[in-house]
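*Asks:* Take a look at the following structure, please.
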Amino acid sequence: MNNESIPDPIPLTESDWLGQTVTDLVGRQGVVRRVYEVDAVQVAILTAAVSDPDACPIWDEPLDLLARDGEKAAFADYSQQADEVGRLEMAVLRGDASAAETNRYRALRNRVARYPQAQSSLHFALIAQVREGDRVIDYLKNWQGTVLDPDPLPRMSFRPKMTVRLDEAHRDERWPDGIVDLWTVTLYPALGLL
């Protein structure tokens, strides 16, 4: 990534989280396969601990939002604080927030925002590394396929789409050959983990 404000993700190959079965804040169980540090936030790449055809088998989550067996997540009240940021932001935007509410909003926003920013930066970096022949998953539709062209719009400064051949199981009459252009915002590289 050539972005001066956000450093490249650093793989943490010696993390004691690797191989651990964990639970995220919404109750999904996964196994930590890789860990990266992104701007002082450690983000895990997980694969599903239990196969579920309706759920994406790979995702990322900051370590602070994961619980190991018998432990609480380090930032277990993240969801509540993120909701409070949203509520306070509306008051600030409407102009009816008190000075104390405005200060709390700023403090919480700065604490909460670093996690999705780190996830977004990691996703951006992983997408930039995808090459022809790599496997990807559209995590909204749970479609899996092989990348045919990772950069069908090469003049863009980022990769908004990729041309993918969907696996047989995900094809339908709209794409009998399975070749589709998918938005990278919903694609996740399989990273050889699936």
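*Asks:* When Glu14 is evaluated against the numbered criteria (1) assigned to a strand (DSSP E or B); (2) more than 21 Å from Ser79 (Cα to Cα), which criterion, by number, is the only one it fails?
*Replies:* Evaluating Glu14 over (1) assigned to a strand (DSSP E or B); (2) more than 21 Å from Ser79 (Cα to Cα) leaves (1) as the failure.
*Asks:* Output the number of the condition that Val32 fails; it satisfies all remaining conditions of (1) in a strand (DSSP E or B); (2) without any contact (Cβ under 8 Å) to a residue 24 or more places away in the chain.
*Replies:* Exception for Val32: condition (2).
*Asks:* Would region 98-112 turn up any residue that is touching a residue at least 24 places away in the same chain (Cβ under 8 Å), open to solvent by less than 90 Å² (accessible area, probe 1.4 Å) and not in a helix (DSSP H, G or I)?
*Replies:* Looking for residues that are touching a residue at least 24 places away in the same chain (Cβ under 8 Å), open to solvent by less than 90 Å² (accessible area, probe 1.4 Å) and not in a helix (DSSP H, G or I), one finds none in region 98-112, hence no.
*Asks:* Also: What do you reckon, is Asp60 among the charged types (D, E, K, R), part of a helix (DSSP H, G or I) and open to solvent by less than 70 Å² (accessible area, probe 1.4 Å)?
*Replies:* When the stated conditions are applied, Asp60 does not pass them.
*Asks:* What are the residue pairs meeting all of these: first residue in region 49-77, first residue touching a residue at least 24 places away in the same chain (Cβ under 8 Å) and farther than 24 Å from Val112 by Cα, second residue among the basic types (Lys, Arg) and open to solvent by 50 Å² or more (accessible area, probe 1.4 Å), Cβ atoms under 8 Å, and 6 or more apart or on different chains?
*Replies:* Cβ pairs passing all conditions: Ala55/Arg28.
*Asks:* Another one. Look at Val43 and say whether it is surrounded by fewer than 16 Cβ atoms within 10 Å (Cβ to Cβ) and either part of a loop (DSSP other than H, G, I, E, B) or at pLDDT 95 or above (or both).
*Replies:* no
*Asks:* Is there a residue being more than 28 Å from Pro9 (Cα to Cα) and either surrounded by 15 or more Cβ atoms within 10 Å (Cβ to Cβ) or basic (Lys, Arg) (or both) anywhere in region 65-84?
*Replies:* yes
The values are calculated or read from the model by the stated rules, or taken from the named source; none is laboratory data. If you're wondering where the values come from, they're calculated on a predicted model, not measured in any experiment. Cβ: placed from backbone, ideal geometry, glycine included. Neighbour counts: every protein chain shown. Accessible surface is based on the protein model in full, side chains and every heavy atom, while ligands, DNA and RNA are left aside. Shrake-Rupley method; radii C 1.70, N 1.55, O 1.52, S 1.80 Å.
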